[in-house]
Structure formats: C-alpha cells, structure tokens
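Since the structure comes first, as structure tokens, the remarks are kept for the end.
The values are calculated or read from the model by the stated rules, or taken from the named source; none is laboratory data. Note that the coordinates shown come from a computational prediction; the quantities given were computed from them, not determined experimentally. Every residue, glycine as well, gets a Cβ built from its backbone with ideal geometry; the counts of neighbours run over all protein chains shown.
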Amino acid sequence: MDLHIVIDPGQPRGEQLLRQLRSLIRSGRLAADTQLPPTRLLAEQLGLARQTVAEAYERLALEQLIDARRGRGSFVRALPAPADDTPPPAAPPPRLASVERITAFQALPLPFLRMAGSPLARYDFVGGSPEPALFPHADWRRHLHAAQRQLGQGGAHAPPAGLAGLREAIAEHVAFARGVRCSAADVIVTQGAQQAFDLLVRVLAGPGDVAALESPGYPPLLAMLQAQGARAAHVPVDGEGLVTDALPADARLVYTTPAHQFPLGVAMSASRRQALLAWASRSGAVVIEDDYDSEFRFEGQPRDSLQGLDAEGRVAFVGSFSKTLAPSLRLGYVVTPPGLPALREALLNAKHLADVHGPSLLQNALARFMAEGAYRKHLRRCVAEYAQRRERLMAGFGTRLAPWLTLLPAEAGFHQAALLKPGLAVDATRLAALARRVDVGLYPLQRFGAALDGLLMGFGRIAPDDIATALGRMGELLEAAA
C-alpha cells in the first residue's frame, strides 16, 4: 500500500518518518491490523535507506504501536482504550441559515426524489416520463457522431448561454410552435428545466420575498423557494387555471403552468391569462411560465403562450427536452423576458457560476437534430402514439371505472388527473398501496400538495395494450373495497 508520507530533505529523515507513522496510527488513519509496507518497498518509495525505515519500525514496535509477525510483516496494533472514555466535546456546527434550510429538505415535499428511488410497476401510470422506445436512436446517433467529429477538430466549449446554433434552433421552434416572441439572444440553454427554475429563483427571490405558486403545483419550486428563505403564497387552481384574484399584491414572482397545469391538467383560460399579465404589470412582478409538456396537444386549437401575449416583456418562458426526447439528456432552456435585460445578465452570471458551460457535445447534436427538421418529425410521431394511449385511458374511465372515478379534462400533455367520487371505502393513498400489490403503479394527487382525493394518471410509460389490463385490476380492487 502507498502511505501519504512527505520527507523534507533538509530535516532528519528518520525522525520525520517516525513522527508521521506514529501520527497515522494514533489518529486512526491506519486502522488496527493494517499491514505496513515492507521496509525495502517503503524505502524505495520514499527515497530512503532501508536501514532508516527498519529503525523507525523498531521504534514503533517498542512503543507498542505495531507488531512484527515473523514471516508475515509488520501490523498496526489495536490501541488501548483511554482511561477516560468520555468523548471530547464536539466542535459546534457552523450557524449558517442556508445549511439549516438545506438540511430541512428531509421535511419538504419532494415526491420526485422519493419516486426516483422506487422501481416502476409492471403497469405504471407515472407522470412526466416519456416512452423510451420512442427515442429517435438512429437520427440522434448520426448527429451525435457529427458533433463528436467537430469537437475532435477543435470545437469550442459552449458559452454559459449555450451554443449559438442550438439557441437559434430553440428560438425558431418556440416562435413557430408556441408563439413566443424572442431571438436567439434571449435564449439561455440549461441542464433541464430544473436548472432554469433554480437560476430564476436564485436571482429573483431572497429571504422574506413572497412568491406565488399554483396549489396544487410542482413541489420542487416550493423547495427551491424555501431554500432561498422566500415565503411561498399558495394560490388555488380551478377549472380555468390559476385563480388570479387570489394573487397576493406583494408577490415578486409567480410560477404557473398555463398550457397543462401540473398536476390537474387543466389549461388556463384566455381571460385568466390576460388577468395574470395585468396583475404582473400592476405589481411589477416576474411571471415564470413553465410550458410543461405542451407539445403534446390532442384537441382544440393551440393556446397562445403567456410570453407571446405579454406586451411588457415580464414573462420568463421555460421549456425542456426531457419530456419530448429523454430526461437523461438534461437539456432545457429559459427565454428571458425582453423587457428585463438586467435579468438576462443576472441569469447568465448565475449560470456561469453554476456550471461554467453546458455539455457541448449534446448541445451540438441537438442543434443539428432540430435544424434538420427531425425534431418536429419526432414530435408528430410522439403525439400520434400518446393520443392512442390517451384514448384507451379515457375509454376505461368512461366504462369500467366510471362508478368510482372521474377523469378531469386535459387538452395537452401525457397525464390526466382522476378524482375519486365521494363515499368510497378507500381513498387514493390506500388505493395506490393496494394497486402496488397487483403490479399497478398509481400516484395520489396529495403527493403534489392537492387537497383533492384523486390520482395522477400518466400514460407515457405504459404500453397501449397494457392500459386495459391495468384499469381492469384497478376496477377489481375498487369492487372488492365496495
């Protein structure tokens, strides 16, 4: 074994070696029964005479710190217990408010962290998780190889804002698909939407600041705000989305999912969108628009993004490729509000401090993938597949599960919420526990801060032919409970 011993040529070498070996043993860094290197080997490693090492070992043996075992070598002895076995007083921990807030994460609602550690059931209705089989492996591999060749020829790291080609492709896509008004200069590429939210919260919210969140809503936003010491104002959601009349006047920012509310799935009405923008104008607040899985639209006309309706430029538009391609890519973006150039500079500084630059290889491959038109083609394929699963889910809730559950309407996204009807013998939490026993994964809305008794029914990871089987098993459980 190699020992961390440093020999200063200007000092007595034998004394240095003895002192450092003694310290390693007494501090416990060399545990009992650890074999020391042979004298010849240690002498060669340290550039010492073998006799110098042998004398140090003899001294350690006299001090009863090591044993010399014939034919085997020298081993560290177990140290005798001190006369007073009372442990020394521990040094007081640093009194840092931020450390205490982060430690308190154990008590925060972080369902995704706990869900990530649990294996999926055979028939799983997990939300926000795309179908891995839909990933365009052949096209992606081709663009990834091209990006590798470019980097091998001296390609530069991506700047904090992201590669210019990818920012241009994103700006073009969101303008075409979501009516977002921006240029490539307004786009900052992030490692998933999660990093975009983290940067926005760190820049916009400080201790004591008020931030408005949808309730029920996305739990990690609440955790981020609490980590910053900000105060969260929970604003209810109804059939038209965020209830704008309940927004607090002193809020500095508001977080909303207008295209497909998480977790209820409703879309924000046109009147509420206008009311929210008017509130932001009066209060001087920033709106974070989470365009959560809006690419998957199944009925009705596409609704304008808040950012596209915003005449004053107070909306930060956040998107991600985790739902459309794969979460493991960790690629997302924020379109900074055109009316707040100082916010863009602050976000760029925060991004630079967070990770210096993003993954150049993946950004380059995605830019090529989008510029070629393969991304839009892939989205059309995904919408067709998820539409089929959605139809089977709705058919099952309209027949087999109709006596017990009501499926809430949703125009877009690959999850819908289902509410249990009053008077049932089981609630959503109990039903989810029972369903696990028959290999069906269900997720109560209460995990996401909802007071409603219901389930989040994602259909991204369950095969179309398996939906009827899973719903049939749910029906059997509900019949047995009734």
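General remarks:
- Filter pass, His145 being at pLDDT below 90, surrounded by fewer than 22 Cβ atoms within 10 Å (Cβ to Cβ) and not small (Gly, Ala, Ser): no
- Out of Ala432, Ala387, Ala417, sole residue that is surrounded by 19 or more Cβ atoms within 10 Å (Cβ to Cβ), assigned to a helix (DSSP H, G or I) and under 27 Å from the mean Cα position of the chain (by Cα): Ala432
- Test: Gly239 is over 30 Å from Pro359 (Cβ atoms) and either in contact (Cβ under 8 Å) with a residue 60 or more places away in the chain or touching a His at 6+ places or on another chain (Cβ under 9 Å) (or both): no
- Counting only residues that are on the phi < 0 side of the Ramachandran plot and either surrounded by fewer than 18 Cβ atoms within 10 Å (Cβ to Cβ) or assigned to a loop (DSSP other than H, G, I, E, B) (or both), the range 435-446 holds 4 of them.
- Single condition Glu295 does not satisfy, out of (1) acidic (Asp, Glu); (2) modelled with pLDDT under 95; (3) surrounded by fewer than 16 Cβ atoms within 10 Å (Cβ to Cβ): (3)
- Residue identified as of a type in the set (A, V, I, L, M) and within 10 Å of Ser74 (Cβ to Cβ) among Leu30, Leu36, Leu24, Leu18: Leu36
- The lone exception for Val318 - which of (1) in a helix (DSSP H, G or I); (2) closer than 17 Å to Glu172 by Cα it fails: (1)
- Extreme residue, nearest to Asp290 (Cα to Cα), among residues of the range 323-356 that are among the hydroxyl-bearing types (Ser, Thr, Tyr) and out of contact with any Asp or Glu (no Cβ under 9 Å at 6 or more places or on another chain): Tyr333
- For the range 447-482, filtering for residues that are assigned to a helix (DSSP H, G or I) and either under 18 Å from Leu424 (Cα atoms) or without any contact (Cβ under 8 Å) to a residue 60 or more places away in the chain (or both) leaves 12.
- Residue count for the range 338-384 under the criterion of being among the small types (Gly, Ala, Ser) and not in a helix (DSSP H, G or I): the result is 3.
- Matching option when the condition is modelled with pLDDT under 95 and under 28 Å from Arg231 (Cβ atoms), among Arg282, Arg273: Arg282
- Ala480 satisfies every condition listed in (1) surrounded by fewer than 17 Cβ atoms within 10 Å (Cβ to Cβ); (2) under 27 Å from the mean Cα position of the chain (by Cα) except (2).
- Enumeration of residues in the range 41-57 that are modelled with pLDDT of 90 or more and part of a helix (DSSP H, G or I): Arg50, Gln51, Thr52, Val53, Ala54, Glu55, Ala56, Tyr57
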